[in-house]
Amino acid sequence: MAPAWGHAHFGAVSLHPAAALLVCVTAIVVIQFLGWLGLALASSVLLLARRDSLSGWWRLLRRMRWLFPSVWLILAYGAAGDAVFDVAWMPTHEGVLDATLHVARLGLMLGCLAWLFADVGNHGLLVALQSLLQPLSECGLASERLVVRLSLVMQNLQVKLPKGAWRNILGGIGGEPVGPETLRIEAPAWRTNDYLICLAVLISSGVAISLG
């Protein structure tokens, strides 16, 4: 994992955490417009960018193991067309194709998040948010409070809870969440590579959307 206060990595090129977040968000948006060929190419780029994010990708996929079949069933049975095997209660051919494509897109989106988390880490994500939200502070948005609250959420997400602890949390029995007394964020300066990579990602995203 890259140092929490440093730059993320896109292949052999290091990135500012804020630039890495912008690349991730852009990729997630573009994925919604890709077909099977585009998803295959995007998956290849993701694997080449950072192979050590595979373990995190697998963990995210496991956490969503109940969401995937639910989404697939909803989409598969929600599309009109000819039923599979001409059986009335089966989903349609169009629904199966559409549902499978959407689930594949969702899985690739989780891969993008896994790449981001592996590259920047929790603190790097806070640096990215603080850097991107800092200009909004002039408009009255308390960006510092938002970043601090997010840090508390991520801190508690890393705590392994005993089985059935969610019932105590919903009932307010678990007590107050704990977090660091002081949160210090030092954002590195943007470099030329950061601007060039973000520009290249935007241009390639437009091309990918136009090609589908």
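Some observations on this one:
- Among residues of region 33-48 that are under 13 Å from A208 (Cα atoms), those with a Cβ under 8 angstrom from a residue that is at pLDDT 90 or above and not in a helix (DSSP H, G or I), sequence gap 6+ or separate chain, pair up as A42/L34.
- Answer residue from region 188-212, given it is aliphatic (A, V, I, L, M) and over 21 Å from the mean Cα position of the chain (by Cα) and is modelled with the lowest pLDDT among those: L211
- Residue within region 128-137 that is at pLDDT below 70 and closer than 22 Å to C24 by Cα present: no
- Boolean, V148 is at pLDDT 85 or above and surrounded by fewer than 21 Cβ atoms within 10 Å (Cβ to Cβ): no
- Positions within region 81-104 being hydroxyl-bearing (S, T, Y) and in contact with an Asp or Glu (Cβ under 9 Å, 6 or more places away or on another chain), in sequence order: T92
- All positions within region 90-101 that are surrounded by fewer than 17 Cβ atoms within 10 Å (Cβ to Cβ) and part of a helix (DSSP H, G or I): H93, E94, L97, T100, L101
- Residue in region 51-102 that is modelled with the lowest pLDDT, counting only those that are among the polar types (S, T, N, Q) and more than 25 Å from C24 (Cα to Cα): T92
The values are calculated or read from the model by the stated rules, or taken from the named source; none is laboratory data. Everything numeric in this text was worked out from a predicted model, so none of it was measured. Glycine gets a Cβ as well: all are built from the backbone with ideal geometry, and neighbour counts include every protein chain shown.
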